[in-house]
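Participant: Sending over a structure as structure tokens; questions will come in a sec.
The values are calculated or read from the model by the stated rules, or taken from the named source; none is laboratory data. Just so we're clear, the structure is a prediction, and the values are computed from it rather than from any experiment. Here the Cβ is made from the backbone with ideal geometry for all residues, glycine too, and neighbour counts use every protein chain on show.
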Amino acid sequence: MVLEATMIAIDNSEYMRNGDFLTSRYEAQLTATEFIFQNKINSNPENTVGLLAYGGSGPQVLSTLTTDFGKILAGVHETKIQGENNFSSGIQVAALALKHRQNKVQQQRIIIFVGSPIKESEKELEKLAKKMKKNNVAVDIINFGEEGVNTAKLERFQSTINNHANSHLVTISPGPRLLYEVVASSPILVEDGGFGAGVSGGDMDFFGGAGGAGDIIDPNMDPDLAMALRLSLEEEKARQEREAADRAKAEASTDLEKIDESKEDNNDKDKDVNMEDAK
């Protein structure tokens, strides 16, 4: 089991009011944050997680590294949606918080949500990435909402900071799946071995079963989240089954059309032969 100290950086800029992710970009982040916290702690009880917001006038540490989700929640309640994205400052403040971790054996990781345009240039981001890499800080990026603007910059950042595949970029477009569902099946969490290892996203069992996935969410710790996960997974499974049935039906229909066309072609050929014989 990997021993880690993780700082989660949430985007609390004005763009987080947008409702393209249920129920808003901001709320989608909070649900995913709880999910990530539970996964990190369940995968190793000695892991610690902290939280900061990097929008508005500047980064604000909402919770130092802890194993108590209550402290994370208390920090969330202090956050306001305001201002713009301060990506570079957010990364640097998160790295500083990790530097002061009590257990120096813990590996350092930042998981940052990016849902608004990044002001920094690619060159500035590359310089920041080299600095983080030098200090052995891994950075996972959840790129959503403004992926059309940010993806190229973040790909450059991720390719620079990546050290033996320890950093990841997950780009998420609005769609039927919730933000935390996509994060759940992404390399950001799957590679921890906590869940999803060897299990496809649609077949994950978050409550016990294949691939050790039952360690993700303890229903006794958070029954509401557990129930929401179960319902959303059941809905996703039903959707995939409907799509598979529709594809099979469409393919069968196409095959029938080809058979009919083949018969018509043969009939036309027979008619042509008969007409030539008659002549």
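Participant: Six or more apart or on different chains, Cβ atoms under 9 Å: show the pairs whose first residue is in segment 235-248 and charged (D, E, K, R) and surrounded by 13 or more Cβ atoms within 10 Å (Cβ to Cβ) and whose second is in a helix (DSSP H, G or I) and modelled with pLDDT of 75 or more.
Facilitator: Hits for this filter: GLU236/GLU181.
Participant: Next question. Give me the pairs: first residue in segment 40-56 and under 15 Å from LEU30 (Cα atoms) and in contact (Cβ under 8 Å) with a residue 24 or more places away in the chain, second residue assigned to a helix (DSSP H, G or I) and aromatic (Phe, Trp, Tyr), beta-carbon distance under 6 Å, and six or more apart or on different chains, which are they?
Facilitator: VAL49/PHE37
Participant: Further question: Output the number of the condition that ILE110 fails; it satisfies all remaining conditions of (1) among the hydrophobic types (A, V, I, L, M, F, W, C); (2) part of a loop (DSSP other than H, G, I, E, B); (3) surrounded by 23 or more Cβ atoms within 10 Å (Cβ to Cβ).
Facilitator: Of everything listed in (1) among the hydrophobic types (A, V, I, L, M, F, W, C); (2) part of a loop (DSSP other than H, G, I, E, B); (3) surrounded by 23 or more Cβ atoms within 10 Å (Cβ to Cβ), ILE110 misses just condition (2).
Participant: Out of segment 64-87, which residues are among the hydroxyl-bearing types (Ser, Thr, Tyr) and either closer than 13 Å to ASP11 by Cβ or not assigned by TED's automatic domain parsing to the domain that holds ILE10 (or both)?
Facilitator: Scanning segment 64-87 gives a single hit, THR79.
Participant: Of all residues being more than 18 Å from the chain's Cα centre (by Cα) and of a type in the set (Gly, Ala, Ser) in segment 115-158, which is surrounded by the fewest Cβ atoms within 10 Å (Cβ to Cβ)? Just the residue, please.
Facilitator: The selected residue is SER121.
Participant: Do we find that ASP140 is at pLDDT 95 or above and in the same structural domain as LYS40 (by TED's automatic domain parsing) in this structure?
Facilitator: Yes: the conditions hold for ASP140.
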